[in-house]
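J.: Pasting a structure here, questions to come.
The values are calculated or read from the model by the stated rules, or taken from the named source; none is laboratory data. Keep in mind it's a predicted model, so treat the numbers as computed, not measured. Note: ideal-geometry Cβ built from the backbone for every residue, glycine included; neighbour counts use all protein chains shown.
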Amino acid sequence: MPSLGTKTSVSSKKLGYSESHFLFSDIAKSNYSFIDSEWCMRKILLAISLFCGTVMVLMAQESMPPAVYYEVEEIGKDLDLSLSQRPNFGVGRINAGDGYAINMIRRTAPAGAIIHANSAEIHFIVEGAGVLTTGGISVKSDDSGSAPANIEGGYSKRVSVGDLVFIPAGTPHQYTLVEDVVGYLEVRFETNQEI
């Protein structure tokens, strides 16, 4: 019975030069391709690192202004003043700029339909509840124009604390029912879309 070494030598004798050469050349190629791909990956990571570092340096050189904070007392003063002049509808101006306005609104009674031709609105309900009607068409109830408009063919939904409503530009909207009070954060922004 041949020894283990003999089997190995027999096995190696069975491999011809071209077969063993082919086997070793494949191993060598795979090692070199691994080295090439590792080298390429290192170059890519270095380039990304340099790019990110450059961006961070450039951003660090340009100081940005801090956020703007509004204390509850500031918002409350504007809202209280507005409610003292119009008890059914109060507006506390938080911020406004070119193309946007942020207000705290407090309603204690229903109101007529409103349409903002080129401004969309977000209402985030923070107090109370009511029924908001949107869509349809705005119709004046008399020809004199003194009575508020109402919505015909719109969609009515009860809103309460935590609800958020997006009202697209040109969409009629009105609070048709107020359950004691409805307060909401209103964010109005221009859409550059004339309806």
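J.: Of all the strands (runs of 3 or more DSSP E) wholly in region 81-195, which have at least 1 residues that are of a type in the set (Lys, Arg)?
T.: 89-97, 100-107, 137-140, 155-160, 173-190
J.: Also, quick follow-up: Test of understanding: among Val131, Val165, which residue is under 22 Å from the mean Cα position of the chain (by Cα), surrounded by 12 or more Cβ atoms within 10 Å (Cβ to Cβ) and not aromatic (Phe, Trp, Tyr)?
T.: Val165 is the lone residue from the list that is under 22 Å from the mean Cα position of the chain (by Cα), surrounded by 12 or more Cβ atoms within 10 Å (Cβ to Cβ) and not aromatic (Phe, Trp, Tyr).
J.: Another question, if that's okay. Please find, among Gly136, Gly153, the residue that is of a type in the set (Gly, Ala, Ser) and surrounded by fewer than 17 Cβ atoms within 10 Å (Cβ to Cβ).
T.: Answer to the selection: Gly153.
J.: Has region 83-100 got at least one residue that is among the polar types (S, T, N, Q), surrounded by 13 or more Cβ atoms within 10 Å (Cβ to Cβ) and at pLDDT 85 or above?
T.: Among the residues of region 83-100, not one is among the polar types (S, T, N, Q), surrounded by 13 or more Cβ atoms within 10 Å (Cβ to Cβ) and at pLDDT 85 or above, which makes the answer no.
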